[in-house]
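Following: one structure in structure tokens, then a few remarks.
The values are calculated or read from the model by the stated rules, or taken from the named source; none is laboratory data. It should be emphasised that the depicted structure is a prediction, and the values quoted were computed from it without experimental measurement. Heads up, the Cβs are rebuilt from the backbone with ideal geometry, glycines too, and the neighbour counts pull from every protein chain shown.
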Amino acid sequence: MPVARPQTHEARVIAHVDMDCFYVQVEQRKQPELRGLPTAVVQYNSWKGGGLIAVSYEARKHGVKRSMRGDEAKEICPSIQLIQVPVAHGKADLNSYRHAGSEVVSVLARKGKCERASIDEVYLDLTDAVESMLSVTPPETLEEIHEEALKSHVLGINSEDSAKENYVKDWFCRNDADHRDKLLACGAIIVAQLRMDVLRETQFTCSAGIAHNKMLAKHASAMHKPAQQTVVPASSVKDLLASLPIKKMKQLGGKLGNSLQTDLGVNTVGDLLQFPEEKLQERYGVNTGTWLWNISRGISGEEVVDRLLPKSHGSGKTFPGPQALKTIASVHHWLNELCEELSERIQTDLEQNKRVAHTLTLHARAFKPSDSESAKFPSKSCPLRYGTEKIQEDALKLFESGLRDFLGCQSETQEGRNGSWGVTGLSVSASKIYATPAGTSSILRFFQSGNPSTSSSKQESDQFTEGTIPLSPSGSESHLGQDQVEQTNRASSILRFFESGNPSSSSSKQECDHFTKATLPLSPSGSGNHLCQDQVEQTNRPASILRFFESGNPSSSSSKQEYVHFAKATFPLSPSGNESHLGQDQVEQTNRPAPEENTRANTTPRVGQVEQRTQEWEYKPEDIDPNVIDELPPEIQREVRGWLRPSKRPNTSKRGSSIAHYFSPIKKG
DNA sequence: ACGGATTAAACC
DNA sequence: TGGTTTAAT
């Protein structure tokens with residue numbers, strides 16, 4: 001499964017950024033009075049208090065863990081605040097978290113290559129940014145390094161707690177430093193800045209790891225949480241891996257890791273070192289064997305790919321035990337719900353990112369009387385046609401087809417109650433998503449209003465566009481009033497401090513602390529600094545990022561507002577200069593390109609829509625299907641002819657026509 | 001027959 | 001290719 005990749009000769013600087021209990025933070029931003037309290041996000045409140053999917057660090061200290069039931073959590077930690085995941089279409093609705101994740105990506109993508117690894121994690125390749133920093137302002141020339149960077153944990157440097165800052169600073173600024181260490185030091189400074197940017201612009205804290213490859217960075221980011229960062233110098237890799245349990249290594253959490261333990265007696269990554277590459281290869285194959293040999297030495301050539309958007313969208317739901325669906329009608333109902341959500345998501349993707357999905361896939365889990373365990377419900381896929389109704393129709397067809405396969409020649413497969421098959425899980429997903437050509441224009445509008453043929457789908461689509469679903473995080477931060485200007489002025493001193501350049505003067509630092517304390521009371525009682533307190537105890541030195549949340553004096557009643565305004569008002573002041581007045585909606589745009597970054601597209605995407613820098617696919621004029629062009633409205637035909645060529649019509653047995661299918665992507669180059 | 005809902009990617 | 005399997009969060 002893992003694939004060995006050659007390592008590039010040049011030393012890279014890779015960061016892994018991981019949001020701290022992300023869903024909790026999202027909910028706490030919506031409801032700031034929850035900040036500092038033991039909090040968990042829970043879904044499906046009905047049964048045993050629902051299942052926890054995110055737990056705040058305050059709650060973790062009481063032993064609350066993910067995948068616990070709400071009831072258990074209450075027993076262990078009676079004061080815990082349980083927040084329900086929003087529900088839409090009769091199922092958990094993760095849109096607000098997706099959106100928040102996009103906000104974060106928008107900030108982090110400003111330096112170097114950025115890969116969205118999950119809803120709350122990204123990898124960054126900072127090699128270029130570091131190289132240029134090193135050539136202009138290497139750490140030893142900086143007259144001051146920001147506190148947050150100095151709070152980095154650096155693996156392998158020995159230090160006493162009291163003097164640690166100095167150790168880190170010394171490590172950063174050593175003249176005799178290994179070149180690779182200098183690279184990492186710059187990386188740490190850049191990452192600290194990015195994390196502060198994230199906090200300032202989204203109100204979320206995150207943790208990070210900085211190392212020479214993805215694997216090491218990933219491990220590092222988890223070592224000190226929350227709101228801290230960890231550096232892995234090459235010299236400390238060996239010790240780090242020597243004691244790392246094999247199952248904790250990415251890709252080894254499952255069967256392969258088990259096999260390593262039971263078959264080879266390997267319990268730590270270090271234990272792998274004694275096996276010759278050939279032995280590993282003959283047991284696990286060339287690829288996996290080589291990969292294992294490499295990772296045990298901290299070698300991993302896996303590249304950070306520039307991808308800010310997901311490659312597929314899915315919507316699913318389980319129907320455990322007694323809830324199993326036993327009639328076609330009930331399957332039909334839930335399929336419709338799932339398809340509705342999926343349709344909305346791909347529609348949004350189209351509108352915001354100009355991407356078109358090409359494949360619809362249905363997965364199901366089911367049981368039947370006869371052979372009780374082994375048989376699996378087959379996945380089925382087909383060309384994806386835009387429009388909720390079409391998706392619903394196709395998904396049902398796929399299900400029925402799958403059910404026939406599943407039941408074989410078993411007797412009753414028809415309407416109404418049945419023998420006793422039951423469906424315990426359903427999901428639909430959209431994949432093979434390609435960017436449409438950069439040129440926007442009428443073709444997109446055409447897509448956006450659904451399918452050409454049916455007027456009903458157009459209606460639906462319009463309806464949706466008007467906002468049946470909340471696409472922006474409903475929450476405190478979205479309303480920014482007329483007093484924005486005032487706030488902007490007010491925040492200017494903070495900006496100077498936070499803004500990357502030079503946190504030089506000590507006066508500006510003071511100003512910042514003062515401001516922070518005066519305006520950021522997060523808890524009504526005046527004891528709003530639980531998070532910080534906890535951290536102090538735990539680490540004995542609160543990161544300055546945590547202090548951001550500290551509230552010395554919950555002074556004014558308007559303080560909460562001020563806080564929100566602060567966060568909103570400061571971000572648009574990126575050094576780009578062209579700050580026109582933003583409407584309320586556009587305030588949410590956080591990812592304008594930084595000035596020095598010329599590699600970026602010139603669009604200014606919104607949050608929730610994330611800019612793709614590289615156009616991996618393009619459409620060629622030869623791409624049009626002559627059978628279909630006539631179905632297009634005349635004014636569009638001209639345009640389409642410009643950049644499409646005919647493609648084989650997928651699966652002619654499927655009736656109906658999806659415009660999407662007349663676009664066949666051509667690999668660039 | 002509860003750790004749910006997603007995502008990704010390798011394999012055949 | 002589509003469909004299956006593994007894995008991670």
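Give the residue, chosen from A:Asn95, A:Asn158, that is of a type outside the set (D, E, K, R) and more than 27 Å from the chain's Cα centre (by Cα).
Working: A:Asn95 fails: more than 27 Å from the chain's Cα centre (by Cα).
A:Asn158 is the lone residue from the list that is of a type outside the set (D, E, K, R) and more than 27 Å from the chain's Cα centre (by Cα).
When segment A:219-236 is examined, which residues are found to be buried (at least 22 other Cβ atoms within 10 Å of the Cβ) and part of a helix (DSSP H, G or I)?
Selection gives A:His219, A:Ala220, A:Ser221.
Go through (1) surrounded by fewer than 20 Cβ atoms within 10 Å (Cβ to Cβ); (2) within 16 Å of DNA strand C (Cβ to nearest atom) for A:Ile391 and report which single condition fails.
Unmet for A:Ile391, out of (1) surrounded by fewer than 20 Cβ atoms within 10 Å (Cβ to Cβ); (2) within 16 Å of DNA strand C (Cβ to nearest atom): (1).
Filter segment A:284-335 for residues that are of a type in the set (S, T, N, Q) and surrounded by 19 or more Cβ atoms within 10 Å (Cβ to Cβ) and give the result.
Going through segment A:284-335, the residues of a type in the set (S, T, N, Q) turn out to be A:287-288, A:290, A:294, A:296, A:300, A:312, A:315, A:318, A:323, A:327, A:330.
Answer for segment A:284-335, where residues must be of a type in the set (S, T, N, Q) and surrounded by 19 or more Cβ atoms within 10 Å (Cβ to Cβ): A:Thr290, A:Asn294, A:Ser296, A:Ser300, A:Ser315.
Restricting attention to segment A:51-73, report how many residues are part of a helix (DSSP H, G or I) and within 16 Å of DNA strand B (Cβ to nearest atom).
Filtering segment A:51-73 down to residues part of a helix (DSSP H, G or I) leaves A:57-61, A:70-73.
Okay, now just the ones that are also within 16 Å of DNA strand B (Cβ to nearest atom), so A:60, A:70-73.
Residues meeting the conditions: 5.
Hey, any hits in segment A:186-199 for a residue that's within 14 Å of DNA strand C (Cβ to nearest atom), under 29 Å from the mean Cα position of the chain (by Cα) and either assigned to a loop (DSSP other than H, G, I, E, B) or of a type outside the set (S, T, N, Q) (or both)? Give the steps one after another, and end with the answer.
Step one: filter segment A:186-199 for residues within 14 Å of DNA strand C (Cβ to nearest atom), giving none.
Among the residues of segment A:186-199, not one is within 14 Å of DNA strand C (Cβ to nearest atom), under 29 Å from the mean Cα position of the chain (by Cα) and either assigned to a loop (DSSP other than H, G, I, E, B) or of a type outside the set (S, T, N, Q) (or both), which makes the answer no.
Consider only pairs whose beta carbons are under 8 Å apart and that are at least six residues apart or on different chains; among these, list those whose first residue lies in segment A:371-393 and is farther than 12 Å from A:Ser343 by Cα and at pLDDT 95 or above and whose second residue is of a type in the set (Asp, Glu) and assigned to a loop (DSSP other than H, G, I, E, B).
Hits for this filter: zero, empty list.
So is A:Val26 at negative phi and assigned to a helix (DSSP H, G or I) or not? Write out each step before concluding.
Working: at negative phi: yes; assigned to a helix (DSSP H, G or I): yes.
Yes; evaluated as a whole, the condition is true for this residue.
How about segment A:320-331: which of its residues are of a type outside the set (Val, Ile, Thr) and either within 8 Å of DNA strand B (Cβ to nearest atom) or in a helix (DSSP H, G or I) (or both)? Break it down into steps so the answer makes sense when it comes.
Here is the first cut: in segment A:320-331, the ones of a type outside the set (Val, Ile, Thr) are A:320-326, A:329-330.
Answer for segment A:320-331, where residues must be of a type outside the set (Val, Ile, Thr) and either within 8 Å of DNA strand B (Cβ to nearest atom) or in a helix (DSSP H, G or I) (or both): A:Pro320, A:Gly321, A:Pro322, A:Gln323, A:Ala324, A:Ala329, A:Ser330.
Cβ-Cβ below 6 Å, separation at least six or inter-chain, first residue in segment A:399-410 and closer than 14 Å to A:Gly422 by Cα and in contact (Cβ under 8 Å) with a residue 60 or more places away in the chain, second of a type in the set (A, V, I, L, M, F, W, C) and within 13 Å of DNA strand C (Cβ to nearest atom): which pairs?
Sorted first by the residue in segment A:399-410, then by its partner, the pairs are A:Phe399/A:Leu362.
List the number of the failed condition for A:Gly298; all other conditions in (1) closer than 30 Å to A:Leu126 by Cα; (2) within 15 Å of DNA strand B (Cβ to nearest atom); (3) of a type in the set (Gly, Ala, Ser) hold.
The one condition A:Gly298 does not meet is (2).
Would you confirm, using the coordinates I've provided, whether A:Gln347 is more than 11 Å from DNA strand B (Cβ to nearest atom), within 30 Å of A:Pro437 (Cα to Cα) and touching a Phe, Trp or Tyr at 6+ places or on another chain (Cβ under 7 Å)?
Working: more than 11 Å from DNA strand B (Cβ to nearest atom): yes; within 30 Å of A:Pro437 (Cα to Cα): yes; touching a Phe, Trp or Tyr at 6+ places or on another chain (Cβ under 7 Å): yes.
Spelling it out, A:Gln347 is indeed more than 11 Å from DNA strand B (Cβ to nearest atom), within 30 Å of A:Pro437 (Cα to Cα) and touching a Phe, Trp or Tyr at 6+ places or on another chain (Cβ under 7 Å).
Okay, residues lined up against (1) part of a helix (DSSP H, G or I); (2) hydroxyl-bearing (Ser, Thr, Tyr); (3) touching a residue at least 40 places away in the same chain (Cβ under 8 Å):
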{"position": "A:Leu309", "(1), (2), (3)": "no, no, yes"}
{"position": "A:Gly314", "(1), (2), (3)": "no, no, yes"}
{"position": "A:His333", "(1), (2), (3)": "yes, no, no"}
{"position": "A:Asn336", "(1), (2), (3)": "yes, no, yes"}
{"position": "A:Glu341", "(1), (2), (3)": "yes, no, yes"}
{"position": "A:Gln347", "(1), (2), (3)": "yes, no, yes"}
{"position": "A:Gln352", "(1), (2), (3)": "yes, no, yes"}
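Out of all the residues in segment A:215-223, is one or more more than 16 Å from DNA strand C (Cβ to nearest atom) and of a type in the set (Lys, Arg)? Please lay out each step first, then the result.
Just the residues of segment A:215-223 that are more than 16 Å from DNA strand C (Cβ to nearest atom), to begin with: none.
For segment A:215-223, residues more than 16 Å from DNA strand C (Cβ to nearest atom) and of a type in the set (Lys, Arg): absent.
Report whether or not A:Ala100 is of a type in the set (A, V, I, L, M), out of contact with any Leu (no Cβ under 6 Å at 6 or more places or on another chain) and away from DNA strand C (no atom under 16 Å from the Cβ).
Working: of a type in the set (A, V, I, L, M): yes; out of contact with any Leu (no Cβ under 6 Å at 6 or more places or on another chain): yes; away from DNA strand C (no atom under 16 Å from the Cβ): no.
For A:Ala100, the condition - of a type in the set (A, V, I, L, M), out of contact with any Leu (no Cβ under 6 Å at 6 or more places or on another chain) and away from DNA strand C (no atom under 16 Å from the Cβ) - is not met.
Listed residues A:Val64, A:Val55, A:Val41; which is touching a residue at least 12 places away in the same chain (Cβ under 8 Å), more than 21 Å from A:Pro320 (Cβ to Cβ), of a type in the set (A, V, I, L, M, F, W, C) and within 15 Å of DNA strand C (Cβ to nearest atom)?
After ruling out the rest, the residue left standing is A:Val55.
Among the residues of segment A:358-388, how many are near DNA strand C (Cβ under 10 Å from one of its atoms) and either buried (at least 17 other Cβ atoms within 10 Å of the Cβ) or not in a loop (DSSP other than H, G, I, E, B) (or both)?
12
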